[in-house]
Amino acid sequence: QVQLVESGGGLVQAGGSLRLSCAASGRTFGRYAMGWCRQAPGKEREFVAAFSRSGGLIYYADSVKGRFTISRDNAKNTMYLQMNSLKPDDTAVYYCAAADTEIATRCDNFGSWGQGTQVTVSS
């Protein structure tokens, strides 16, 4: 089972930026669909963005389109989430996740999870 470790969360003012990283153990890209979900207090986990297993397709939730960018560095087995124009509604714990499937666009598609990193956006 793939192991995932997130980093890069923190406190930022509205309109600011953060970049999250997800370091994966072993070779994951090309074997798993990889992505990000988030969970705000009192809410269900929400899909944010993902790569297809082949890496040729990228999906974003409507709420982050145009503001967030998912990327990856195959040589480092690391995935990133660049978050710009952050809003207080983006406050959540962000999770990196892997799915043993070609495409994953729902959080319940993912079977492996990191421990999460907190992102807090102040108004």
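The values are calculated or read from the model by the stated rules, or taken from the named source; none is laboratory data. Here the structure is a predicted model, which is why all the values come from computation and not from measurement. Here the Cβ positions follow ideal geometry from the backbone for every residue, glycine too, while neighbour counts run over all protein chains shown. Ligands, DNA and RNA are excluded from the accessible area calculation, which covers all protein heavy atoms including side chains. Shrake-Rupley method; radii C 1.70, N 1.55, O 1.52, S 1.80 Å.
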Please list, ordered by chain and number, the residues whose modelled amide H lies under 5 Å from the amide H of F68; skip anything fewer than 5 residues away on the same chain. N84
For K43, go through the lysines and keep the ones whose alpha-carbon is under 26 Å away, minus same-chain ones fewer than eight residues off. K65, K87
Restricting the count to DSSP beta bridges whose residues both fall in the chain, what percent are antiparallel, rounded to a multiple of 5? 90 percent
Cysteines of the chain lacking any other cysteine beta carbon under 4.7 Å? none
Residues of the chain: accessible area per residue with a 1.4 Å probe, Å²: 50 Å²
Taking 0.36 nm per residue of separation between D62 and S122 and subtracting their Cα-Cα distance, the length gained on full extension comes to 19.4 nm
With θ set to phi - 60° and the Karplus curve 6.51 cos²θ - 1.76 cosθ + 1.60, what are the ³J(HN,Hα) couplings of the range 60-68 in order, to the nearest whole Hz, using x for Gly and Pro? 10, 5, 4, 5, 10, 4, x, 10, 10
Please list 3J(HN,Hα) in residue order for the range 44-51, calculated via the Karplus relation 6.51 cos²θ - 1.76 cosθ + 1.60 where θ = phi - 60°; whole Hz, with x for glycine and proline. 6, 5, 10, 5, 10, 6, 7, 9
What are the ³J(HN,Hα) values, in whole Hz, obtained from phi via the Karplus relation 6.51 cos²θ - 1.76 cosθ + 1.60 with θ = phi - 60°, for each residue of the range 92-108 in sequence order, with x given for Gly and Pro? 4, 8, 9, 10, 8, 8, 10, 10, 7, 7, 5, 10, 9, 10, 9, 4, 6
Net charge within 12 Å of C96 by Cβ-Cβ distance, Lys/Arg positive one each and Asp/Glu negative one each, not counting C96 itself? +1
Once amide hydrogens are built 1.01 Å from N within the peptide plane, the residues lying 5 or more places from K87 or on another chain with amide H under 5 Å from its amide H are G15
If you put +1 on each Lys and Arg Cβ and -1 on each Asp and Glu Cβ, how big is the dipole of the range 8-123 around its Cα centre, in Debye rounded to 20? 240 debye
What number in nm² do you get for the range 16-123 if you take the convex hull of its Cα atoms and divide its surface by four? 6.3 nm²
